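> Encoded as structure tokens, here's the structure I'll be asking about.
The values are calculated or read from the model by the stated rules, or taken from the named source; none is laboratory data. The shown structure was predicted, so the numbers you read here are calculated from the model rather than taken from an experiment. Quick reminder, even Gly has a Cβ in these numbers, built from the backbone with ideal geometry, and neighbours come from all protein chains shown. To get the accessible areas, we keep the full protein, side chains included, count just its heavy atoms, and leave off ligands, DNA and RNA. Shrake-Rupley method; radii C 1.70, N 1.55, O 1.52, S 1.80 Å.
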Amino acid sequence: YQAFAQGQISPLPELPIQYTDFAQWQREWMQGERLSSQIDYWRQQLAGAPPLQLPTDRPRSAQTTLAGARLNFTIPKTVGDEVKLLSDREGVTLFMTLLAAFKVLLYRYAQQRDIVVGTAIANRHHAETENLIGFFLNILVLRTGLSAELTFRDLLLRVKEVALAAYEHQDVPF
């Protein structure tokens with residue numbers, strides 16, 4: 001940016017592809033059986049997905065507002081270290097562990113057995129796109145069945161399976 005702002009030549013190497021090249025490749029690649037397979041997966045995942053019914057602290061207005069609140073807090077380093085150790089021990093990522101904990105929280109509040117959470121993914125799983133500037137972000141829907149009898153370890157394995165399957169099907173734009 002500094003070089004551009006000063007009218008100088010960019011010190012960065014030329015990129016082997018541009019975002020438009022990626023977009024064209026994606027359109028060509030995501031066709032036929034590949035597209036059908038990806039779409040079928042998401043149709044199955046989303047079929048009958050219930051909306052999350054969280055209890056509220058007061059009746060909500062019929063008029064939608066953007067009013068909200070934020071609560072800042074700090075998690076002690078020792079807790080963070082223990083969560084990382086748990087993730088390593090169970091063979092899951094830290095994201096998967098925190099997602100499982102979040103789903104437990106939603107399950108407890110909503111008392112719903114079927115919890116659906118959307119999460120952003122960078123969608124840069126091709127080495128050629130790592131240095132590109134462009135909007136590759138996609139949303140993945142992670143749907144997990146929960147029950148009171150399920151151990152947290154079992155839930156972690158379910159979340160891992162759901163996340164890995166979603167990663168394999170991340171090429172279809174949400």
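> Take the residues of segment 52-64 that are of a type outside the set (Ser, Thr, Tyr) and open to solvent by less than 90 Å² (accessible area, probe 1.4 Å): which is farthest from GLU168 (Cα to Cα)?
PRO55
> Residues to consider are VAL92, VAL104; find the one that is assigned to a loop (DSSP other than H, G, I, E, B), of a type outside the set (D, E, K, R) and at pLDDT 95 or above.
So the residue among VAL92, VAL104 that is assigned to a loop (DSSP other than H, G, I, E, B), of a type outside the set (D, E, K, R) and at pLDDT 95 or above is VAL92.
> Find the residue count for segment 70-88, including only residues that are surrounded by 10 or more Cβ atoms within 10 Å (Cβ to Cβ) and not β-branched (Val, Ile, Thr).
Qualifying residue count for the region: 8.
> Of the numbered conditions (1) of a type in the set (A, V, I, L, M, F, W, C); (2) within 24 Å of ILE115 (Cβ to Cβ); (3) exposed (fewer than 10 other Cβ atoms within 10 Å of the Cβ), ALA67 fails exactly one; give the number of that condition.
(2)
> Sticking with this structure for a sec: Is it true that ALA3 is among the small types (Gly, Ala, Ser) and either in contact (Cβ under 8 Å) with a residue 60 or more places away in the chain or closer than 30 Å to GLN111 by Cα (or both)?
Against the criterion (among the small types (Gly, Ala, Ser) and either in contact (Cβ under 8 Å) with a residue 60 or more places away in the chain or closer than 30 Å to GLN111 by Cα (or both)), ALA3 does not qualify.
> Could you list all residues from segment 8-46 that are part of a helix (DSSP H, G or I) and among the hydroxyl-bearing types (Ser, Thr, Tyr)?
TYR19, THR20, SER36, SER37, TYR41 - these are the residues of segment 8-46 that are part of a helix (DSSP H, G or I) and among the hydroxyl-bearing types (Ser, Thr, Tyr).
> Can I ask one more? For segment 120-151, which positions are in a helix (DSSP H, G or I), exposed (fewer than 13 other Cβ atoms within 10 Å of the Cβ) and in contact with a helix residue (DSSP H, G or I) (Cβ under 7 Å, 6 or more places away or on another chain)?
Matches in segment 120-151: none.
> Could you count how many residues in segment 3-30 are open to solvent by 90 Å² or more (accessible area, probe 1.4 Å), aliphatic (A, V, I, L, M) and at pLDDT below 85?
Number of matching residues: 1.
> Do any residues in segment 114-130 that are under 17 Å from PHE22 (Cα atoms) have Cβ atoms under 8 Å from those of residues that are basic (Lys, Arg) and in a loop (DSSP other than H, G, I, E, B), where the two are at least six apart or on different chains, and which pairs are they?
Between residues of segment 114-130 that are under 17 Å from PHE22 (Cα atoms) and residues that are basic (Lys, Arg) and in a loop (DSSP other than H, G, I, E, B), the close pairs are GLU130/ARG124.
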